[in-house]
Amino acid sequence: MEHIKNYINQHQERFISELMDMLRIPSVSADSKYKDDVLRNAEFVKKSLVEAGADKVEVCLTPGHPIVYAEKIIDANLPTVVVYGHYDVQPPDPLDLWDSPPFEPVIKDGLIVARGSCDDKGQMFMHVKAFELMMKTDALPCNVKFMIEGEEEVGSSNLGNWIRENKERLKGDVILISDTSIIANDIPSIDVGLRGLSYVEVEVAGPNRDLHSGVYGGAVANPIAILCEMISKCKDENNHITIPGFYDKVLTLTKEEREELNRAPFSLDEYKKDLNIDDVHGETGYTTLERTGIRPTFELNGIWGGYIGEGAKTVLPSKAFAKISMRLVPNQTSDEITKLFADHFNSLAPTSVKVKVTPHHGGEPVVTPTDSIAFKAASMAMEATFGKKPIPTRGGGSIPIVALFEKELGLKSVLMGFGLDSDLIHSPNEHYGVFNFLKGIETIPVFFKNFTDLSK
Ligand code: BES
Ligand code: MN
Ligand code: MN
């Protein structure tokens, strides 16, 4: 382990400044005006992998944003770790809530502040630097392949096809991903589950044009009011989702499994204080950890319609819209849930309006094994570098591609993330601790060594 610490001590300033260079590239995958920047970021990843010593480094174009592939095969008889990460980021909006511009990274109180600093450029780049470290110190113990994509934040739809077309070149023994959180810097943890996602947009259309709210109001359906009524019918007073069939396939955990999950350190008081709320809100009968870890949800992400400019305008709008996401748990599937939702939503519509449901992207839930060599290797690596055995936890977010890796490549993933839930990913002032960045670079080579040793 000495070689790891020494190399990091000698090169940490450069690691951080290289990461900051990448954070200056606004690689927002959702917005086509950033298309060239996303490509520029792919080229940046390519260049850093080449410099670190990877072979066959390639920017693979897709109908969407590119995937960067690279590999270092030292011996076909040794195991192969496939590293996955993403270089695309969420839109930085709302810009006025940032204390410093989202694509002008700064270090403040030991935190690297920029969009993508934690999710996932900072975490992905730990793997590039850990690989550089292993190459330069002659300590790469097995083969490695990199698959770094630019469409994770928009559902990874092209990566799915690309994986199917590149099965041969992606052969390996495990997928290693750093794109999740730990409980705290002194309480390491490893996510062993991710939720799936069904994301839809709905439109409720009333009259064929915006109307005078006095001349027509009271006699014609108001699409905003109807939309709100329809949405409120999707949950009951216990915050239980009322879509028929929604829970049919939900895997229920045993009493022991629930107890185990709730043993993870968690303070409801601190949680509320951090969010400045007087109370939490969710499905009756479940704890906060269960509500985010093992239960499905129905959430509104945006809702609009009518006049929202300055002052008052008396208008009865023609249309109203909402973006809705449902987080899924094993064994729900996104196609099925999207269909159940669409049928239900259509059935709720009064004859005075027309409803359109447009599916966006989806993703399937996963549970990763805790009895595998790879999980042991990760657990032992974190124990070595944090000085404490990591706790298995369930993450509430989604990484759509993880289920596909298993389906298409037969490969299980290890979710060895180093972020914190308080890193404000997807929010203004996203940041990533210098501590976490360096801790990741320190831990990854230990994982490689453990995984290789345990595979023998
Ligand atoms: N890295 C996150 C997922 C995540 C964060 C998992 C924290 C566990 C803990 C990922 O980049 C993400 O944001 N995924 C999206 C899904 C996507 C289809 C937009 C999500 O979860 O909303
Ligand atoms: Mn991510
Ligand atoms: Mn994300």
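Data for the structure
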item: Accessible surface of Ile74 - all protein chains present, 1.4 Å probe, nearest 10 Å²; result: 80
item: Mean Kyte hydropathy of 0.0 or more with a Cα span along the axis of at least 24 Å, helices from DSSP in the chain; result: 434-455
item: Exposure rank, largest accessible area first [Asp36, Asp210; 1.4 Å]; result: Asp36, Asp210
item: Lys5/Lys389 FRET efficiency (R0 22 Å; Cβ-Cβ; nearest 0.05); result: 0.60
item: Surface share of carbon and sulfur [accessible, 1.4 angstrom probe, percent] for segment 327-390; result: 54
item: Carbon plus sulfur fraction of accessible area for segment 229-311, probe 1.4 Å, in percent; result: 49
item: R0 of 22 Å, Cβ-Cβ distance Thr62-Asp93: FRET efficiency to nearest 0.05; result: 0.30
item: Whole-number percent relative contact order across the chain, with pairs defined as alpha carbons under 8 Å at least 6 apart; result: 26
item: Relative pair counts by distance (%), Cα atoms of segment 1-92, 10 Å bins; result: 14, 37, 34, 13, 2
item: Distant-in-sequence amide H partners of Val329 (H built 1.01 Å from N, under 5 Å); result: Gly196
item: Solvent-accessible area of Lys255 with every protein chain in place, 1.4 Å probe, in Å² to the nearest 10; result: 140
item: Per-selection metrics, segment 265-416 (Cα): Rg and Dmax in Å; result: 21.0, 65
item: Contact order relative to length of segment 1-141, as percent, for alpha carbon pairs under 8 angstrom and 6 or more apart; result: 26
item: Amide H contacts under 5 Å for Ile182, placed H, 5+ residues apart; result: Gly419, Leu420, Asp421
item: Rounded FRET efficiency, nearest 0.05, which uses the C-beta distance separating Asn161 from Ser100 and R0 of 35 Å; result: 0.40
item: Lys, Arg +1 and Asp, Glu -1 on Cβ, resulting dipole of the chain about Cα centre, debye, nearest 20; result: 640
item: Per residue accessible area of the chain, 1.4 Å probe, in Å²; result: 46
item: Cα centroid of segment 376-438 to Cα centroid of segment 1-75, whole Å; result: 19
item: Rg in Å to one decimal, and Dmax rounded to a whole Å, for segment 338-456 via C-alpha atoms; result: 20.3, 68
item: Coordinate range along principal axes, alpha carbons of segment 222-306, Å, largest first; result: 48, 35, 19
item: Radius 14 Å from Cβ of Gly85, net charge of other residues (Lys, Arg +1; Asp, Glu -1); result: -4
item: Val220 paired with Ile183, simple spin-label distance in nm, labels 7 Å along Cα-to-beta-carbon; result: 5.7
item: Nitroxide proxy distance, nm - points 7 Å out along Cα→Cβ at Tyr307 and Glu168; result: 6.5
item: Under Karplus coefficients 6.51, -1.76 and 1.60, residue-wise ³J(HN,Hα) of segment 285-297 in Hz, glycine/proline x; result: x, 10, 7, 4, 5, 6, 4, 9, x, 10, 10, x, 9
item: Where labels lie 7 Å past Cα in the beta-carbon direction, separation of Thr314 and Asp55 in nm; result: 7.7
item: Positive-pole candidate from Ser232, Phe405, Ser29, dipole of the chain, charges at beta carbon; result: Phe405
item: With DNA, RNA and ligands ignored, accessible area of Ile226 (1.4 Å probe; Å², nearest 10); result: 20
item: Percentage relative contact order, segment 120-275, counting C-alpha pairs under 8 Å, at least six apart; result: 12
item: Cα-based shape type of segment 105-242, given that a ≥ b ≥ c are square roots of the gyration tensor eigenvalues and the cut on a/c is 1.5; result: prolate
item: Accessible area, probe 1.4 Å, largest first, for residues Tyr307, Tyr432, Tyr199; result: Tyr307, Tyr199, Tyr432
item: Given Lys323/Lys412; Lys171/Lys412; Lys47/Lys121; Lys376/Lys439; Lys56/Lys167, the pairs whose alpha carbons are separated by over 21 Å; result: Lys323/Lys412
item: Packing rank of 37-48, 260-271, where each peptide gets the mean count of other beta carbons within 10 Å, highest leading; result: 37-48, 260-271
item: Using alpha carbons only: equivalent-ellipsoid semi-axes of the chain, gyration tensor based, whole Å; result: 41, 24, 22
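The values are calculated or read from the model by the stated rules, or taken from the named source; none is laboratory data. Note that the structure is predicted; figures quoted are calculated from it, not measured. Ideal geometry is used to build each Cβ from the backbone, glycine not excepted, and the neighbour counts take in all protein chains shown. The protein model used for the area step is the full one, side chains on, heavy atoms only, and it has no ligands, DNA or RNA in it. Shrake-Rupley method; radii C 1.70, N 1.55, O 1.52, S 1.80 Å.
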